[in-house]
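Values in this text are rule-based calculations from the coordinates and carry no lab data. Keep in mind it's a predicted model, so treat the numbers as computed, not measured.
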Amino acid sequence: MFVFSEEDEKQIEKILNRYPEEQKRSALLPLLTLVQRREKHVSADAMRDIGRRLDLSPAYVQSVCSFYTMYSATPVGKYLILFCINISCQLNGCDELLAHTAKKLNIEIGGTTEDMKFTLHREECLAACSGAPMMRINDTFYENLTSDRIDQILGSLD
Amino acid sequence: MTQILFHNINKKDLHTLAVYEKEGGYKGLKKAFAKEPDEIVEMVKASGLRGRGGAGFPTGLKWSFLAKDVFPRYLCCNADESEPGTCKDRELLQKNPHLLIEGMILCSYACKIETVYIYLRGEFYDLCEIMETALEEAYAKGYLGKNILGSGLNLDIHTHLGAGAYICGEESALLNSLEGGRGEPRMKPPFPAVQGLYAQPTVINNVETLCVVPYIVNNGAEKHAAIGTEKSKGTKLVSVSGHVKKPGNYEVVLGTPIREIIYDLAGGIRDDNKLKAFIPGGSSVPMLPADKVDTPYDYESLQAAGTMLGSGALIVMDHTVNVVEISLRLASFYMHESCGKCTPCREGTRWMWQILQQIQTGKGEASYVDKLLDICDNISFKCFCPLGDAAVAPVISGIENFRADYDELIEKMAANTAV
């Protein structure tokens, strides 16, 4: 059963205050984000809770949640690696580096390590093109990657 | 070289209110408040400023289209920077958040707006935190909140994070997303200036566009209009990426030859290779061959050359590239990002990707190129929003300018079959 924490409740109140009283469904994405960041996924239970708060049907919440790539139905690892494969990174050799990363973690692209530490995804442009090739791990951008640097970054994460 | 946005971008701690003010920041507010709101709109019109997000629509004109006497009105700052090749707004948000806040305050005063939402792409969580800290500083100093500097203007600015959808950079999809919906575009008209956020009159401006406004208010419309070419006024941040020695964001006066941007600012092609092609305005605009490198970087010259200035992302490719490979990667991107609302875009982007995939992997036939062009023709201008039009740009321009790259892969296939 999903329950928001007291800390979350304070955050939710702050979020709801940003929008006009009669437009509280604007808080849908921020609330889904809150859940995704804490739980590493958004469960049907959490969607129902959010729907109740915002007067939205479970089906509606589900339809919005499934539209956006940053919400996942199953838990992602402690470190979510988003590896940019778009044009500027492609021109700078991201394909080889992505393959190197998958091999290093011993997972398929899109997969999660057994210890739930790393999830590796292909990602579209992340707006760091002048630092290509690049990846984002949780909230941090890592630019000008080489295979050595990737090994070093992965090794530095607990 | 004249710089409006980047002259002090690497100043230490510029992101703090104290340093921003020391650099002359927030001086525009008093100047603006001494004038009538309409005068500021006229000023921005006279400055010649055009939207820096992609479409290049005149900013002052956009502001003047707001439905008369309908309130409340909203400003949405488009910080959903997702156009492949583009990373300029990220640098502004990270290093100079108060410049954007000042620009938003000035726009709000001019347009009689009391609520602003900054729609940041979900992956900009770190920038959202920087922006929130800057907003707190601005509230504490009285630049936001009630009766700002005694002007009678009440203004609140909120951040709002997206959650991973390229389409939300399109203004009507952004509004749907901000209202808690799927990021699908709306039918236009009504335009946002008449019925935007919550069906109220709404201005939607890109980060860079709003960041230019303090310069105009501080220095006058004429000073801004004196920079650039006849139809392209001011400067533009250009994100240079790909096969150059010094990729980065560069601020150039509109009308600067592309050759200067690639060879002087960005240091030339890697390994001193030969330039083959470049995309001047982000992945959604047609690519050009190397012989167009002397084209001036401005709206009208790029249009005359058959492409667009777009978001200002200059993607450079050297002679080692096969254009099919590039077009395939971009086709995959547009297929992934099509919201699925309109059939031509939803189905067409997938078909394009499938055919390009066949050609790239050596399974192409001579008829495939015409088939691709036919699909492009069936997507172009047949959807609610320009995503489909963007998706066909790299394919059509690739075929037109680099047909040999397609033929090479297809002929290789034909030769193999013959054996």
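Helical runs (DSSP H, four residues minimum) scored at -39500 (n - 2.57) apiece and divided by the length of the protein assembly as shown put the mean residue ellipticity at 222 nm at -13000 deg cm²/dmol. For region B:165-310, would you read off the P(r) tail past 20 Å as a percentage of all alpha carbon pairs? Cα-Cα pairs in region B:165-310 separated by more than 20 Å: 59 percent.
Just how many pairs of Lys in chain A have C-alpha atoms closer than 13 Å, counting pairs that are eight or more places apart or on different chains? Number of lysine pairs found: 4. Lys-Lys pairs in region B:323-418 that are eight or more residues apart or on separate chains and whose Cα atoms lie under 28 Å of each other come to 6. Rg over Rh for chain A works out to 1.04, using Cα positions for both radii and the Kirkwood form for Rh.
Converting phi to 3J(HN,Hα) with the Karplus coefficients 6.51, -1.76 and 1.60 and the offset θ = phi - 60°, region B:57-67 yields 6, x, 5, x, 5, 4, 5, 6, 7, 4, 3 Hz in sequence order, with x at every glycine or proline. Dividing the alpha-carbon radius of gyration of chain B by the rule-of-thumb value 2.2 N^0.38 Å gives 1.02. Scaled against 2.2 N^0.38 Å for its residue count N, the alpha carbon radius of gyration of region B:17-225 is 0.94. Restricted to Cα atoms, the protein assembly as shown shows a radius of gyration and a Dmax of 23.6, 84 angstrom.
Amide H contacts under 5 Å for residue B:313: B:239, B:281, B:282, restricted to partners 5 or more places along the chain or on a different chain, H placed in the peptide plane at 1.01 Å from N.
Hydrodynamic estimate: the Kirkwood radius of region B:67-146 over Cα pairs, inserted into Stokes-Einstein at 25 °C and 0.890 mPa s, corresponds to D of 181 µm²/s. I need the Debye-formula profile for region B:170-226: one equal scatterer per C-alpha, no solvent, reported as log10 I(q)/I(0) at q = 0.16, 0.21 1/Å, two decimals. Each listed q corresponds, in turn, to -0.61, -0.77. Rounded to the nearest Hz, the phi-derived 3J(HN,Hα) couplings of region A:18-23 under the Karplus curve 6.51 cos²θ - 1.76 cosθ + 1.60 (θ = phi - 60°) are 6, 10, x, 2, 7, 10, where x marks glycine and proline. Could you pull out every one of the aspartates and glutamates with an alpha carbon less than 12 Å from that of residue B:12, ignoring same-chain neighbours closer than 8 positions? Within the straight-line cut-off, residue B:12 pairs with B:23.
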